[in-house]
């Protein structure tokens with residue numbers, strides 16, 4: 001799947017970060033996003049690896065579903081992790097652009113459980 005075929009991208013963040021975003025109406029990113037100058041997102045193809053690499057055994061996470069269309073002008077697809085293209089948002093994320101939020105519980109081994117409709121695509 002190429003970057004132009006992705007209609008939805010995903011952001012993993014802590015419940016506390018999401019609560020702050022809801023209160024302010026926008027999400028500016030985690031400290032590493034702010035340092036990098038953009039908000040890191042994943043595609044459905046990279047989501048499981050992102051969780052394993054950056055969020056291992058971390059509880060209390062949320063998964064934001066964000067359509068590409070309304071943020072397309074500020075979104076750049078840039079190589080990371082061996083040249084794989086990742087979506088990077090060079091702007092704050094308006095809460096209004098988030099169409100769905102899921103909890104990411106941990107299984108008995110500390111691995112995040114994706115929502116059923118996303119598991120089928122992994």
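The values are calculated or read from the model by the stated rules, or taken from the named source; none is laboratory data. Owing to the predicted nature of the structure, the values given are computational and were not obtained by experimental measurement. Cβ sites come from the backbone with ideal geometry, for glycine too, and all protein chains shown count toward neighbours.
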task: For residue 47, indicate whether it is under 15 Å from residue 14 (Cα atoms), touching a residue at least 12 places away in the same chain (Cβ under 8 Å) and surrounded by 13 or more Cβ atoms within 10 Å (Cβ to Cβ).
output: no
Residue 9 being part of a helix (DSSP H, G or I), surrounded by 15 or more Cβ atoms within 10 Å (Cβ to Cβ) and at pLDDT 95 or above: no
- prompt: Hey, among 44, 71, which residue is touching a helix residue (DSSP H, G or I) at 6+ places or on another chain (Cβ under 9 Å), assigned to a helix (DSSP H, G or I) and either more than 14 Å from residue 97 (Cβ to Cβ) or at pLDDT 95 or above (or both)?
  reply: 71
- line: Counting only residues in the range 77-88 that are free of Cβ contacts under 8 Å to residues at least 60 places away in the same chain and assigned to a strand (DSSP E or B), the one nearest to residue 35 (Cα to Cα) is identified as 88
- prompt: Can you find a residue in the range 58-65 that is surrounded by fewer than 16 Cβ atoms within 10 Å (Cβ to Cβ), at pLDDT 95 or above, on the phi > 0 side of the Ramachandran plot and not in a strand (DSSP E or B)?
  reply: yes
- prompt: Condition test on residue 27, is it closer than 20 Å to residue 14 by Cβ, in contact with a helix residue (DSSP H, G or I) (Cβ under 7 Å, 6 or more places away or on another chain) and at pLDDT 95 or above?
  reply: yes
- prompt: In the range 18-44, what residues are under 23 Å from residue 118 (Cβ atoms), touching a strand residue (DSSP E or B) at 6+ places or on another chain (Cβ under 9 Å) and touching a residue at least 40 places away in the same chain (Cβ under 8 Å)?
  reply: 18, 21, 27, 29, 39, 40, 41, 42, 43, 44
- prompt: Limited to the range 93-111, what total is found for residues that are more than 14 Å from the chain's Cα centre (by Cα), within 23 Å of residue 38 (Cα to Cα) and either free of Cβ contacts under 8 Å to residues at least 24 places away in the same chain or surrounded by 14 or more Cβ atoms within 10 Å (Cβ to Cβ) (or both)?
  reply: 0
Residues that are farther than 20 Å from residue 111 by Cβ and either surrounded by fewer than 16 Cβ atoms within 10 Å (Cβ to Cβ) or touching a helix residue (DSSP H, G or I) at 6+ places or on another chain (Cβ under 8 Å) (or both), drawn from the range 74-87: 74, 76, 77, 78, 79, 80, 82, 83, 84, 85, 87
